[in-house]
Amino acid sequence: MSNMFKLKLTALGHPNPEGFNCEDEKEYRSVVLWLEDQKIRHYKIEEREGLRNIDSDTWKEAYNTYQKDLVSPVNDGTMNEQLNWLLSYAVRLEYADNVTKYKDVKAEQPKQAAPNVVSSNPLDNLDFDSPAFKAGVERICTLTGVGPHPDPKFRLAAVAKILKTSPHPSPQTTDTFNINQPVDVLNLLFIQDLRELQTKINEALVAVQMITADPRTDTKLGKVGR
Amino acid sequence: MNVEGVFYVNSTLEKLMLDELRNSCRPGMTGGFLPGVKQIANVAALPGIVGRSVGLPDVHSGYGFAIGNMAAFDISNSDSIVSPGGVGFDINCGVRLLRTNLHEKDVVPIKEQLAQSLFDHIPVGVGSKGIIPMNARDMEEALEMGMDWSLREGYVWAEDKEHCEEYGRMLNADPSKVSLRAKKRGLPQLGTLGAGNHYAEIQVVDEIYDKFAAGKMGLERLGQVCVMIHSGSRGFGHQVATDALVQMEKAMKRDQIEVNDRQLACARIHSKEGQDYLKAMAAAANFAWVNRSSMTFLTRQAFAKQFKMAPDDLDMHVIYDVSHNIAKVEEHVVDGSLKTLLVHRKGSTRAFPPHHPLIPVDYQLTGQPVLIGGSMGTCSYVLTGTHQGMTETFGSTCHGAGRALSRAKSRRNIDYKDVLGKLEEMGISIRVASPKLVMEEAPESYKNVTDVVNTCHAAGISKKTVKLRPIAVIKG
C-alpha cells in the first residue's frame with residue numbers, strides 16, 4: 001500500500017513522498033490536510049479548521065464529516081483504504097483540471113516477459129470500437145429486433161442469444177438477401193468441416209477393420225425358399 | 001379425434017381410396033382390415049397424437065394403422081402411446097440403393113448370368129437360409145450393434161454406414177428384451193431377401209429430373225446401372241411385433257387406454273411395455289440393417305465375380321438406405337415450438353430437408369435421398385426431402401406403389417404365366433423362388449408408382465430426382 005501512496009503522492013507533487021509513513025498518525029493527518037489545502041479544496045479555507053487541528057482529539061470527528069461530505073465510498077473502511085481513495089480522488093481532480101496537458105501522455109509499454117502469442121482467430125483482432133463494427137452490429141440488430149444499447153458488444157451478445165433459440169424468427173422479406181448470403185457462406189464452410197471430420201471417422205473405421213474384419217460365406221448353408 | 005386426419009392423392013389415387021371405403025361399407029362386408037380412410041381417422045384419435053394423422057399417396061389398409069400412414073406422438077405428454085401396428089410387422093423394412101460405374105450396354109449381354117449369380121448369392125423365398133455363418137453370440141452382437149457389427153466383421157465399407165439412415169444402428173436396442181423365439185427365427189435368415197414384395201433389382205437410370213442432386217448421389221448419366229435391395233427384418237421383426245401385441249393388450253387394460261380398433265393395441269411410451277417394445281423394435285431395426293448390409297456384401301461379390309473386377313473399381317457405393325417401417329424419436333416444430341416426438345412411419349419414408357443435422361454431409365445441400373421402390377417390373381424413383389415436407393408431414397413421404405388389390409384378389413384374377421411372359425416381353429430377366437406367388441406382386445395388383453411419386457412431388461413433400469427402370473429382378 002505504501003508504494004501506491006508514494007506513486008500517487010509523487011504524481012500530486014507532495015514535498016516528501018519518499019519519507020511518508022502511513023502508520024504514523026501525525027503524518028497521516030498532515031497528508032490529509034495537505035490534500036485538502038492543495039488539491040481537493042472541497043471546503044472554504046475557514047471551514048478547514050477541524051482538519052487543521054492535527055493534534056486535537058476532535059480531528060477524527062472532523063475527518064469523518066469530511067469524508068461524508070466528499071461522499072467517499074470507503075468511509076467505513078480501514079484508514080489506509082480511506083487515504084487511498086482520497087489520493088485517487090485528488091489525482092482525478094488534478095487530471096480534470098489539466099486534461100489538455102495530460103491526455104497525450106502515454107505510459108511506457110512495460111517489457112513483456114512472456115513471448116507474444118499470435119492469435120490465429122481473426123475474430124480476436126476485431127476492432128470493437130471501429131465504426132464499421134458498430135454499423136454492422138446496428139444492421140444485425142435491426143434485422144433481429146434487438147433494441148438499442150450504447151455498448152455494441154452487449155447488443156451482439158443479445159443477438160447471439162436470439163440465434164441460439166430455435167425455431168428462428170423468419171427474417172423480414174426485404175432483408176432476406178442480407179441474411180441469406182452470409183448464411184450460405186457459413187453453411188458451406190460448415191459442410192466442408194463436416195466432410196473433413198467424416199473422412200477422418202471413415203479412416204479410423206477402416207484402420208480398425210484391418211484388425212477385426214474377417215468376412216466369411218459358406219454356400220453350403222444357403223437354402224432357397226419355396 | 002384428437003387431431004385432423006389428412007391424405008394426399010391425385011384424382012386416380014382418390015378413386016382407388018374411396019372405392020376401398022365404398023366396398024368395405026357394403027352390407028355384409030365384415031372381417032379383413034378396415035379401409036385406409038377409417039384407419040387414418042382412428043389413428044387421429046389415439047392419445048397424445050400431435051399435428052395431423054397423415055395418409056401418403058400410396059396408402060392402403062393394414063394391421064391397425066394403414067400402410068402409408070405417419071403419426072407423431074408428443075413424448076412429454078404422459079398419455080402418449082407407441083403402437084406396434086404403427087410400425088408394422090416387418091420392422092425396419094427398407095430400401096437400399098447401390099450405384100455402379102457400369103453402363104446398361106455393359107450389363108445387357110450378361111444379364112441372365114448376372115441375375116442367376118445374384119440369385120445364387122442371395123437366398124430368397126419363404127424359409128430361405130443365408131450363406132453368412134452366424135452363431136447365437138454373433139446374433140446378440142449384431143442385434144445390439146446393427147451395421148457396426150457388419151462393419152467390424154468386414155462385410156461393409158465405412159462409407160456405407162455414413163450413407164445409411166440412423167447410421168445403421170439404433171442405440172437404444174436391447175437384445176435382452178427380445179424373446180428367444182424371435183432370435184431362433186431370425187438366426188438362419190440373416191442375409192436372405194424374404195418373400196412378399198421384397199426384391200433385389202438391377203436397374204438403370206432412366207430419367208434425371210434434378211441434375212445437381214443426382215450428381216451428389218453419383219448418378220450422372222442415363223443408362224448407369226444401380227442395384228436396389230428391398231428387404232426387412234424377416235421373421236425376427238414379425239416375432240418381435242407379435243410378442244409386443246400380447247404385452248400391450250394387458251397394458252391397455254391396466255392403463256385404461258381406449259382405442260377405436262382392437263388392432264391399434266398400444267402402450268404408453270413411458271410404461272414398461274412401451275419401453276420394452278421400443279428397445280426390442282430397435283434390435284429388430286438393427287437386424288434389418290445387418291440383413292441389408294449382408295446382401296450388399298453378397299451383391300458386390302456377385303458383380304465382382306461376373307465382371308472380374310473389385311467392387312471398389314466398380315464404384316459400388318451405397319447411395320442411401322431408408323427405413324419405411326419404423327418409429328423414431330425426433331425433434332420437430334409443432335405450433336411454433338420445438339418438441340420431442342415419437343414419429344411412427346408405417347409404409348412411409350423419412351424425407352428430411354437440406355441442412356438437417358441428421359442427414360449425411362454429402363446430402364446437406366440436396367436433402368435426404370428418398371428411395372421409392374416400384375412394383376415388380378415397373379420403375380423406381382429417387383426423391384429428396386424438402387422443407388415443406390418437414391413442416392407438413394414431419395419430414396415424411398411415400399414409400400412405394402402401395403397395393404391396389406388384396407393378395408387373395410390378385411391370386412384369383414391374374415395368371416402367373418401372363419405376369420412372367422409380360423416381364424420377358426419388357427426385357428426384364430427374372431428369378432423367382434415361388435412362381436405361383438408372382439401374381440400377388442404383379443404390377444396390376446399395385447397402384448401406379450408414378451402417380452404416387454408425382455402426387456408427392458406436386459404436394460411439395462418431396463422432390464423427384466431420378467427415375468430408375470429394372471432390367472433384372474430377384475424375388476421370393
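The values are calculated or read from the model by the stated rules, or taken from the named source; none is laboratory data. All of these numbers come straight from a predicted model, not from anything done at the bench. Methodologically, a virtual Cβ is constructed for each residue, glycine included, from the backbone with ideal geometry; neighbour enumeration extends over all protein chains shown. Areas reflect the complete protein model, heavy atoms only, side chains present, ligands, DNA and RNA absent. Shrake-Rupley method; radii C 1.70, N 1.55, O 1.52, S 1.80 Å.
Over all orientations, chain B has a Cα convex hull whose mean projected area works out to 20.4 square nanometres. From its DSSP helices (H runs of at least four residues, each -39,500 (n - 2.57)), chain A gives a residue-normalised ellipticity at 222 nm of -17500 deg cm²/dmol.
What the phi angles of the range B:450-459 give under the Karplus curve with 6.51, -1.76 and 1.60, with θ = phi - 60°, is a coupling list of 5, 4, 4, 5, 4, 5, 4, 5, 5, 6 Hz, glycine and proline written as x. Modelled spin-label separation between A:HIS149 and B:LEU222, with each label point placed 7 Å from Cα along the Cα-to-Cβ direction: 6.0 nm. Accessible area of A:GLU46 (1.4 Å probe, protein heavy atoms only, ligands and nucleic acids ignored): about 130 Å². The angle separating the long axis of helix B:234-255 from the principal Cα axis of greatest extent in chain B is about 10 degrees. Against chain B, whose longest principal axis comes from its Cα atoms, helix B:11-25 is set at around 50 degrees. For the range B:136-196, the alpha carbon convex hull comes to 110 Å³ per residue, rounded to a whole number. The three principal axes of the Cα atoms in the range A:1-46 give end-to-end lengths of 32, 22, 16 Å, sorted in falling order. Between B:THR340 and B:ASN413, the modelled label-to-label distance comes to 4.7 nm, taking each label 7 Å out from Cα in the direction of the beta carbon. Put a plus charge on the Cβ of each Lys and Arg, a minus charge on the Cβ of each Asp and Glu, and nothing anywhere else: the dipole of chain A about its Cα centre is then about 1460 debye. Chain B against chain A buries an accessible area of about 2500 Å², both chains summed, 1.4 Å probe radius. Convex hull volume of the C-alpha atoms in the range B:256-348, normalised per residue: 156 Å³. Computed extension length for A:THR212-A:LYS60: 46.1 nm, one decimal, from 0.36 nm per residue of separation with the Cα-Cα distance subtracted. In plain terms, the chain from A:ASN202 to A:LEU189 could stretch by 2.7 nm, reckoned as 0.36 nm per residue minus the Cα-Cα distance. Per the Kirkwood treatment, what hydrodynamic radius in Å, one decimal, follows for the protein assembly as shown from the mean inverse distance over all distinct Cα pairs? One decimal place: 30.2 Å for the Kirkwood radius.
Estimated from helical segments only, the mean residue ellipticity of chain B at 222 nm is -10500 deg cm²/dmol, where each DSSP H run of four or more residues counts as -39500 (n - 2.57).
When only alpha carbons are used to place a centre, the range B:397-444 and the range B:241-278 end up 36 Å from one another. An ellipsoid equivalent to the range B:367-406, defined through the eigenvalues of its Cα gyration tensor, has semi-axes of 23, 13, 5 Å when rounded to whole angstrom and sorted largest first. Taking only alpha carbon atoms, chain A gives an Rg to Rh ratio of 1.33, where Rh is the Kirkwood radius. Using the 1.4 Å probe convention, the accessible area of the range A:2-102 works out to 60 Å² per residue with neighbouring protein chains retained. Here's how it looks for B:ARG345: its modeled amide H is under 5 Å from those of B:ILE326, B:ALA327, B:LYS328, which are all 5 or more places away or on a different chain. When the inverse distances between all different Cα atoms of the range A:2-102 are averaged and flipped, the Kirkwood radius reads 13.9 angstrom. Note that the range A:14-29 has calculated 3J(HN,Hα) couplings of 5, x, 9, x, 5, x, 5, 10, 6, 6, 7, 3, 5, 5, 4, 4 Hz, one per residue in order, obtained from phi through the Karplus relation 6.51 cos²θ - 1.76 cosθ + 1.60 (θ = phi - 60°); glycine and proline are x.
Between B:THR12 and B:ARG262, residue separation times 0.36 nm minus the direct Cα-Cα distance comes to 86.9 nm.
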